[in-house]
Every structure is written in C-alpha cells, then in structure tokens.
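> Pasting a structure here, questions to come.
Bear in mind that the values in this text are calculations on the coordinates, not laboratory data. These numbers were taken from a predicted model, which means no experiment stands behind them. For neighbour counting, all protein chains shown are included, and Cβ atoms are generated from backbone atoms with ideal geometry for every residue, glycine included.
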Amino acid sequence: MDIRTRRSFLSAITATAAAVAAEDPKRVERALNEHKRAVWVKDGWVRDPYIILAPDDFYYYTGTTQPPGQPEEVYNTGLGPKSKVGWHVQAWRSRDLVQWESLGTPFSLQEGFWAEAERGRFESTPQSEWRLWAPELHWMDGRWAVIHTSPSPHRSTNFSLTPGPELKGPWTHPMGAAIAQRHDPSLFKDDDGTWWMIWGATEIAPLTAGLTAFSAPPVTIGPAGAFAKMGHEGCLMRKIEGQYVLFGTGWSTGKMRKGSYNLYYAVADKITGPFSERKFVGRFLGHGTPFLDKRGRWWCTAFYNANVPPTPDAGIQKRDLSEDAQTINQQGLTLVPLEVGRVKGELIVRAKDPRYARPGPDEAQKFPVAP
C-alpha cells in the first residue's frame, strides 16, 4: 500500500483501539437503553452477524468468522484468494447484549452433510481453503438448527439439527443432498407452523413437517417497480404487524463493492407476494439481522464491509462513497436501533441513527423523502 493508505490504515487501527477502551460495559448499557444511536457492543472480526433471542432468555450471536484461536487479520474483506474466513460456526450468548459468553465452535464443516458425501473434495483441499459463510442459528421446536452456505471445498449448503435443546451435536441433516447449494440461506416460521427456506435474491419454498424436503416448488419473490430485486444477497423474512417483510442487501451504486453496503425491504400480505416496491432500511446495514430485544424494540446488526479502513462519520449523510466500498462501521458487532411502525397506514422500517437513516448521494435508487 502507498504511504497515504498506510497512514490511514494505522490511524483507523488506533481509533479502533481507543473505541474498544471507551466502550465500557456501563456506557454500552446506557446507549442500549436509550435506543437512539448505533452501539458498538463487541469487538472481533465478523461478517454477516446474526442474532436470535431464544426461549432460554439468552441472545445467541454468530456470523462469518476467521479461524478460532488464530490472530485476526484486521479489516480483511473475507473475499477472494486472500480471504481469512474459517470453516467453523463460532457462537456467543448474552443476557443483556453487553456481556458475551463464548460457546466455542458448536458446528464445523467436518460435521456437515457434505464432509462425508464429498469426502474426496474435503481430503484434497487444504483446510486453509475451506470456507463457511453466513451461518444462522434458529430455534426449531425444541432443538437448534444451523444453516449456512459454503464455497469450498464443495460449493454447497448445510442445514443441520441438534438432537435436543443444547447447542451441540451430534448433528443430523434432514434434507440430505437435496439441500444442494443455496446462497445465503435463511429460515422463517410462519404463524401456521410452516417453516420456509429463503435464499439468493430471492427464492422461497416451504418445508415439509419433517423438514426433509420442500413441500412445494420454489417461488421467485421480490419488490415491484424498477428495482425488481432486493439486491444480491443476505435476504431474510420477518412478519411485522400482520405483513410479510422481505429484507435484502445490495451496494448503494448497484455495482459490486462500490459505495455503501445497504439494507432494503419490501412488504406483502402473502409470503409469496406480490411485494411492494423496494424501500430503504439503512445505510451500512447490509446483511444485517433485524431482531426484537426483550423490551420489544427493534435493532439491526451491522459490521465492517469495505475495501478501506472505516471512513470518518462527520458529514457522512452528504458524502458520495461511490469511488470504493466504504463504511463507518468498525470491525466487530454494531447494533443499530430501528424505528418500526406505521406512518399513514404504511409499514415503515428504518434506522433511527441519522448516520444510517438516509441514503447517500451515491444511492442508485431514488427514494421518497422519509416523513
């Protein structure tokens, strides 16, 4: 890197270290209670952070991570031949979103379906080239499920279940090879008890009661209007105030790794649509997880995804970021408060923090001015 880039990189590392020291537990707790601004709650390299509040009253957190026990490479993008992504699902849990307890690595590619089904590929590929992307944890009627995608050593997906309520194996794989490869798969339980799988941008299909197969062919869903796709990845479903809300991720410019990595949504009365036009949730919230806390307030996870160290947030609302992939998020887990409710009958989901709340000038889609 050139001298200017190196100085910026080192400056960002120093700023990160200072922020770690500043974000003491009491300060984090106060900020979470206020529910007004983004809160950096946990350090540690991560992409695609996922949080679920389980019946045991713990928040469970996972995401794409580097190999456990090895020094983390600061600001590694996690993509391409220089990726430092590992092949384990690491997990943590917390009572309050402030203090986090490590649960180790309850799942790895070696415990998935494909490690045996494609043994030759696993044996011929060095473990340093194995990758496990975008894991999610779901509570499925008394047991845990993990679902994720993998580009190597075999391009595939694992959908695996624990034998009981503890987050540990031995894992079973109800769909077997039928799970195939589905980019950024997610799960959603409807009010009638049916589980749906969502993947890509966007396919959706219901699962049988035994979770062994799809009970109907996949359906392509997405927003109406000129932007007829949610983005290109990180899609998931929530049901809010009686309506289905499809979330999806894309770059602000519509070009890969140019601009900010954003979260969008569309609303429908039926899970298979038709959906509304694409609407804006938040800048720098791409592949985030909207979730409810114990007080019934909405948050969205956020993480560092850029080609350069975090950019200063001063004046960020008016700054064009189209030159490169850029973010204000530090490395680690950030929680951004969401405003969720109806405005003149329309369901609104958007970030409350002004730095995240509005599209930047590099946004390809022109959204109505938020009321």
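> Measure off 7 Å from each Cα along the Cα-to-Cβ vector at D24 and K36, then give the distance between these two points in nanometres to one decimal.
2.1 nm
> Structure shown: which of K26/K279; K42/K229; K279/K344 lie over 26 Å apart, alpha-carbon to alpha-carbon? Please report the intermediate quantities before stating the final value.
Working: K26/K279 35 Å; K42/K229 32 Å; K279/K344 16 Å.
Pairs exceeding the cut-off: K26/K279; K42/K229.
> Summing -39500 (n - 2.57) over the DSSP H runs of n ≥ 4 in the chain and dividing by its residue number, what mean residue ellipticity at 222 nm do you reach, to the nearest 500 deg cm²/dmol? Numbers along the way, then the final one.
Details: 5 runs with 44 residues, N = 371.
That calculation yields -3500 deg cm²/dmol at 222 nm.
> Just in the stretch 279-353: which GluC sites (Glu not before Pro) are loop by DSSP and have at most 16 other Cβ atoms within 10 Å? Can you show the working numbers first?
On the way: sites: E323, E339, E346; in loops: E323.
Passing both the DSSP loop test and the Cβ count: E323.
> For the chain, what is the charge dipole size about the Cα centre, in debye to the nearest 20, if Lys and Arg each add +1 at the Cβ and Asp and Glu each add -1 at the Cβ? Intermediate results must be reported in sequence, preceding the final value.
Values: 44 positive and 40 negative charges, 210 e Å.
Dipole size: approximately 1000 debye.
> List the aspartates and glutamates whose Cα lies under 19 Å from the Cα of K294, skipping any in the same chain that are fewer than 8 positions away.
E29, E34, D56, D57, D96, E101, E241, E339
> Relative to the compact-globule scaling 2.2 N^0.38 Å, provide the ratio for the alpha-carbon radius of gyration of the stretch 83-130. Mind dumping the intermediate values first?
Details: Rg = 14.4 Å, N = 48, 2.2 N^0.38 = 9.6 Å.
For the stretch 83-130, the normalised Cα radius of gyration is 1.50.
> Using modelled backbone amide H atoms (1.01 Å from N, in-plane), which distant-in-sequence or interchain residues come within less than 5 Å of F275's amide H?
Close amide H contacts, sequence-distant or interchain: G222, A224.
> Given a 10 angstrom Cα cut-off, can you work out which residue in E72, E116, E277 is the most mobile in a GNM of the chain?
Looking only at E72, E116, E277, the largest GNM fluctuation is found for E116.
> Something else now. In nanometres, what is the gap between the two model label sites at S215 and A364, each 7 Å from Cα along Cα-to-Cβ?
3.7 nm
> Moving on to the next point. Report the percentage of all Cα-Cα pairs in the chain whose separation exceeds 37 Å, rounded to a whole percent. It would help to have the intermediate numbers written out before the result.
Working: 10481 of 68635 pairs.
For the chain, the share of Cα pairs beyond 37 Å comes to 15 percent.
> Then there is this: Rg/Rh for the stretch 193-264: what does it come to with C-alpha atoms and Rh from Kirkwood?
1.04
> With a cap of 13 neighbouring Cβ atoms within 10 Å, and only residues DSSP puts in a loop, list the trypsin sites (Lys or Arg not before Pro) found in the stretch 336-370.
On the way: sites: R342, K344, R350, K352, R355, K366; in loops: K344, K352, K366.
When the trypsin sites (Lys or Arg not before Pro) of the stretch 336-370 are filtered for loop state and at most 13 Cβ neighbours within 10 Å, K344, K366 remain.
> Relative to the compact globular guide of 2.2 N^0.38 Å, what is the alpha carbon radius of gyration of the stretch 241-371, as a ratio? Numbers along the way, then the final one.
On the way: Rg = 14.4 Å, N = 131, 2.2 N^0.38 = 14.0 Å.
Here the Cα radius of gyration is 1.03 times the empirical estimate.
> Divide, for the stretch 95-176, the radius of gyration over alpha carbons by 2.2 N^0.38 Å, where N is the residue count.
Values: Rg = 13.8 Å, N = 82, 2.2 N^0.38 = 11.7 Å.
Relative to the 2.2 N^0.38 Å estimate, the stretch 95-176 comes out at 1.17.
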